[in-house]
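Asks: First the structure, which I've put down as structure tokens, then a few questions once you've had a look.
The values are calculated or read from the model by the stated rules, or taken from the named source; none is laboratory data. Bear in mind the structure is a predicted one, so any value in this text is a computation, not a measurement. FYI the Cβ positions are ideal-geometry reconstructions off the backbone, even for glycines, and counts take in every protein chain you see. Remember, those area values only see protein heavy atoms, side chains included, never the ligands or the DNA or RNA. Shrake-Rupley method; radii C 1.70, N 1.55, O 1.52, S 1.80 Å.
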Amino acid sequence: MNLAPVLPILIPLCAGALSLACWRSIRLQRLIAVIATGLLLAVSIWLLMLTMEHGFLVVEMGSWPAPFSIVFVADVLSAIMIVLTGLIGLAIAIYSLASIPNGHQRFGYFPLMHLLLAGVGGAFLTGDIFNLFVWFEVMLLASFALLTLGGERAQMEGAIKYVTLNLFSSAMFLSAVGLLYGMVGTLNMADIAQKVNSVEDPGMVTVVSMMFMISFGIKAAAFPLFFWLPASYHTPQVAVSALFAGLLTKVGVYALYRVFTLIFTQEVGYTHTILLWAATLTMITGVLGAAAQFEFRRILSFHIISQIGYMILGLALFTPLALIGGVFYIMHHIIVKTNLFLVSGITYRLLGSYELKDLGGVYRQRPYLALLFLIPALSLAGIPPLSGFFAKFIVVRASLEASEHLVAGVALLVGLLTLYSMIKIWAEVFWKKLPEHVTDDSRLNGEVKDKGSWALYVPVVGLAVCTLIIGLYGQPIYILAETAADQLMNPQLYIEAVLGGQSQ
Amino acid sequence: MATLMAYVIGLLFTASIYMMLRRSIVKLVIGLIILSNAANLLIFVVAGLTRGAPPLIPEGAQQISGAVADPLPQALILTAIVIAFSVLAFAVVLIRRAYEVVGTDDLDQMKDTDT
């Protein structure tokens, strides 16, 4: 039995347990964090290579045959998501060494981070719909605790909205799973996909699919259910914000991709049209919300929403090219968005604020930091030759080929407005002079040496290099996305791999 | 029986959403408790109610004969209850802490991070 698909869950779980055992020694916890996330990244790359070779890897828990056991399935899309989880996990672990205050580290920051990664990994790999719910909850509980660690007023206010909306979405998800089970009598996703077409009342299947859409839509922060995100993402420590921004909403997007390519493909004309409009409106509201903001992390939070729109657009068009674009977009977005949050953390460290009006003059003192901001920022806006250009190019081209000219136009316009927001940050934070009311710039001009700040720059540089690689050397990445999309368009392959007894 | 349960579940969902729309954070959490119970009950009923037929293989037989209760939904509910319990434990601590920090239980006054 090949355990490769389970390792990306086991490693962070064990690391979390180990960190809890080393509760008193922060140094050990920090060491475990970096080693475990590095190991996670290595294993996930191995997993991706295995899935590219074999197509699907299936592990049946307890060796019970497939529809009766809980299965873990790694296809190329899951493996890609796991690689990104490992990459972001490693970047955040290194960044946290310098950016998370000691008090937070002492109260279990690292164990929670591992638990979050385990939940995310489980959600990406499971092939059982109820198990997906469980991993969602593991991830959510860890994220609740990370969000409130520190206990400041803004965090509490943000957390109440975050917790409520996510619990509502979970209850909706659970009800939908129950109703689906009532109709098909199984929880294995491949088995559901097989049996869902022979349900007596196909209308009910569509109703249940809408419940899944709403539930995952809340988690993915799609229009009109996104408002918990900008209310909470800018409140915790910046490393936590970056981790959430990179991974959490993408789990919702992944779940949408999974169920709306595998299970709910009976009434594509209905469900995917709704997704199409949700995607379009998500793009517009997100980017307009960002245009109205003047706080570094809030601008970035709203841009998460608008970018989610592009990813859902890839799913909604439901053509092979569109899915390639969507998968490519997810890869590009996770790296770039995390990186932008990390840069905002560095400027906060230099000047002690996230408000654009309190920031300035960074370009003059730290030109290399300005460059490090510019790479992900321009990539987000879709400037060639960075990764965002190709991601947007594929999605827009797919929508033109599907004769959705209006949607393509909106996607392009949103790209332009994204550029506007990024230029706003550029002009305010990096280019303009330091405002006169800011008196303490000793860190910025280097009078006060910032010990250990290398740990802030290493992940930023690393992720910027990843962006450049995706942009300049896009062919292998495109092939990855193409293989993933190919598997998504042929759910029969997935069903055969899980139920056909081809497991190892 | 199933019809009656359907009304009960509907009532629970209604009540929970009503409570969640109130301003007080305590009522919000009560709404969440009812919501998770409603979802659990829904799973229980949707999978079919079978009375007095536990899924046990009689002695000497190789497999179950006749209609028996499906044990899986009950396992699901059990899992969901445990998860809901831990989440609610967190939510209770959260509202207490929020009340301490913000000094009010009125959701309308917790809008600092919204705009």
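Asks: Of all residues in the range B:56-83, count the ones that are surrounded by 13 or more Cβ atoms within 10 Å (Cβ to Cβ), within 14 Å of chain A (Cβ to nearest Cβ) and touching a Pro at 6+ places or on another chain (Cβ under 9 Å).
Replies: 3
Asks: Could you grab me the full set of residues in the range A:6-43 that are of a type in the set (S, T, N, Q) and closer than 23 Å to A:ILE80 by Cβ?
Replies: Quick first cut of the range A:6-43, residues of a type in the set (S, T, N, Q) only: A:19, A:25, A:29, A:37.
A:THR37, the sole residue that qualifies.
Asks: If I ask for residues that are out of contact with any Pro (no Cβ under 8 Å at 6 or more places or on another chain), more than 8 Å from every other protein chain (Cβ to nearest Cβ) and not in a helix (DSSP H, G or I), which ones from the range A:186-202 would you list?
Replies: Of everything in the range A:186-202, those that are out of contact with any Pro (no Cβ under 8 Å at 6 or more places or on another chain), more than 8 Å from every other protein chain (Cβ to nearest Cβ) and not in a helix (DSSP H, G or I) turn out to be A:VAL199, A:GLU200, A:ASP201.
Asks: Is it true that B:THR50 is part of a helix (DSSP H, G or I), surrounded by fewer than 14 Cβ atoms within 10 Å (Cβ to Cβ), more than 9 Å from every other protein chain (Cβ to nearest Cβ) and among the polar types (S, T, N, Q)? Quick ask: steps written out before the conclusion?
Replies: Working: part of a helix (DSSP H, G or I): no; surrounded by fewer than 14 Cβ atoms within 10 Å (Cβ to Cβ): yes; more than 9 Å from every other protein chain (Cβ to nearest Cβ): yes; among the polar types (S, T, N, Q): yes.
No, not satisfied.
Asks: If you don't mind, another one. On the basis of being in contact with a Phe, Trp or Tyr (Cβ under 8 Å, 6 or more places away or on another chain) and either within 22 Å of A:GLU137 (Cα to Cα) or not β-branched (Val, Ile, Thr) (or both), does B:LEU94 make the cut? Write out each step before concluding.
Replies: Numbers: in contact with a Phe, Trp or Tyr (Cβ under 8 Å, 6 or more places away or on another chain): yes; either within 22 Å of A:GLU137 (Cα to Cα) or not β-branched (Val, Ile, Thr) (or both): yes.
It is true that B:LEU94 is in contact with a Phe, Trp or Tyr (Cβ under 8 Å, 6 or more places away or on another chain) and either within 22 Å of A:GLU137 (Cα to Cα) or not β-branched (Val, Ile, Thr) (or both).
Asks: If I filter the range A:185-196 for residues that are of a type in the set (Lys, Arg), touching a helix residue (DSSP H, G or I) at 6+ places or on another chain (Cβ under 7 Å) and under 29 Å from A:MET61 (Cα atoms), do I get at least one hit? Even if it seems obvious, please write down each step before you answer.
Replies: From the range A:185-196, those of a type in the set (Lys, Arg) are A:195; that's our starting set.
Checking the rest, the ones that are also touching a helix residue (DSSP H, G or I) at 6+ places or on another chain (Cβ under 7 Å) come to A:195.
Okay, now just the ones that are also under 29 Å from A:MET61 (Cα atoms), so A:195.
For the range A:185-196, residues of a type in the set (Lys, Arg), touching a helix residue (DSSP H, G or I) at 6+ places or on another chain (Cβ under 7 Å) and under 29 Å from A:MET61 (Cα atoms): present.
Asks: Scan A:PHE216, A:PHE223 and give me the residue that is in contact with a Leu (Cβ under 9 Å, 6 or more places away or on another chain), surrounded by 20 or more Cβ atoms within 10 Å (Cβ to Cβ), among the aromatic types (Phe, Trp, Tyr) and closer than 22 Å to A:ILE80 by Cβ.
Replies: Working: A:PHE223 fails: closer than 22 Å to A:ILE80 by Cβ.
Sole residue among the options that is in contact with a Leu (Cβ under 9 Å, 6 or more places away or on another chain), surrounded by 20 or more Cβ atoms within 10 Å (Cβ to Cβ), among the aromatic types (Phe, Trp, Tyr) and closer than 22 Å to A:ILE80 by Cβ: A:PHE216.
Asks: Can you name the helices (runs of 4 or more DSSP H) wholly within the range A:62-130 that have at least 1 residues being among the β-branched types (Val, Ile, Thr) and under 30 Å from A:THR347 (Cα atoms)? Explain how you work it out, then say what you get.
Replies: Values: elements: A:76-99, A:102-106, A:109-125.
Those helices (runs of 4 or more DSSP H) span A:76-99, A:109-125.
Asks: For A:GLY246, work out the one condition from (1) away from chain B (no Cβ under 14 Å); (2) farther than 18 Å from A:ILE334 by Cα it doesn't fulfil.
Replies: Result: A:GLY246 passes all but (2).
Asks: Here is a follow-up. For the range A:213-231, which residues satisfy the criterion of being of a type in the set (A, V, I, L, M, F, W, C), away from chain B (no Cβ under 14 Å) and part of a helix (DSSP H, G or I)?
Replies: The initial filter retains those residues of the range A:213-231 that are of a type in the set (A, V, I, L, M, F, W, C), namely A:213-214, A:216, A:218, A:220-223, A:225-229, A:231.
Remaining after also requiring away from chain B (no Cβ under 14 Å): A:213, A:216, A:220-223, A:225.
Correct list: A:MET213, A:PHE216, A:ALA220.
Asks: Go through the range A:59-81 and give me each residue that's open to solvent by 10 Å² or more (accessible area, probe 1.4 Å) and closer than 25 Å to A:VAL251 by Cβ.
Replies: Scanning the range A:59-81 gives A:GLU60, A:MET61, A:PRO67, A:ILE70, A:PHE72.
Asks: Name the one entry in A:SER169, A:SER175 that is part of a helix (DSSP H, G or I), touching a residue at least 40 places away in the same chain (Cβ under 8 Å) and over 17 Å from the mean Cα position of the chain (by Cα).
Replies: Numbers: A:SER175 fails: touching a residue at least 40 places away in the same chain (Cβ under 8 Å).
From the options A:SER169, A:SER175, the qualifying one is A:SER169.
Asks: Within the range B:87-108, restricting attention to residues that are closer than 27 Å to A:LEU187 by Cβ and open to solvent by 40 Å² or more (accessible area, probe 1.4 Å), which residue is farthest from the other protein chains (Cβ to nearest Cβ)?
Replies: Of everything passing the filter in the range B:87-108, B:ALA89 is farthest from the other protein chains (Cβ to nearest Cβ).
Asks: Considering only the range A:384-409, state which residues are over 11 Å from A:TYR329 (Cα atoms) and in contact with a Gly (Cβ under 9 Å, 6 or more places away or on another chain).
Replies: If we filter the range A:384-409 for residues that are over 11 Å from A:TYR329 (Cα atoms), which is where we start, we get A:384-386, A:396-409.
Hits for the range A:384-409 are A:PRO384, A:PRO385, A:LEU386, A:VAL396, A:ARG397, A:ALA398, A:SER399.
Asks: Here is a follow-up. Evaluate the range A:83-104: report whether one residue or more is in contact (Cβ under 8 Å) with a residue 12 or more places away in the chain, open to solvent by 30 Å² or more (accessible area, probe 1.4 Å) and in contact with a Cys (Cβ under 8 Å, 6 or more places away or on another chain).
Replies: Within the range A:83-104, one or more residues are in contact (Cβ under 8 Å) with a residue 12 or more places away in the chain, open to solvent by 30 Å² or more (accessible area, probe 1.4 Å) and in contact with a Cys (Cβ under 8 Å, 6 or more places away or on another chain).
Asks: Of a type outside the set (D, E, K, R), within 27 Å of A:GLY89 (Cβ to Cβ) and at pLDDT 90 or above: which single residue out of A:ALA290, A:ALA278, A:ALA316 fits that description?
Replies: Details: A:ALA278 fails: within 27 Å of A:GLY89 (Cβ to Cβ); A:ALA316 fails: within 27 Å of A:GLY89 (Cβ to Cβ).
From the options A:ALA290, A:ALA278, A:ALA316, the qualifying one is A:ALA290.
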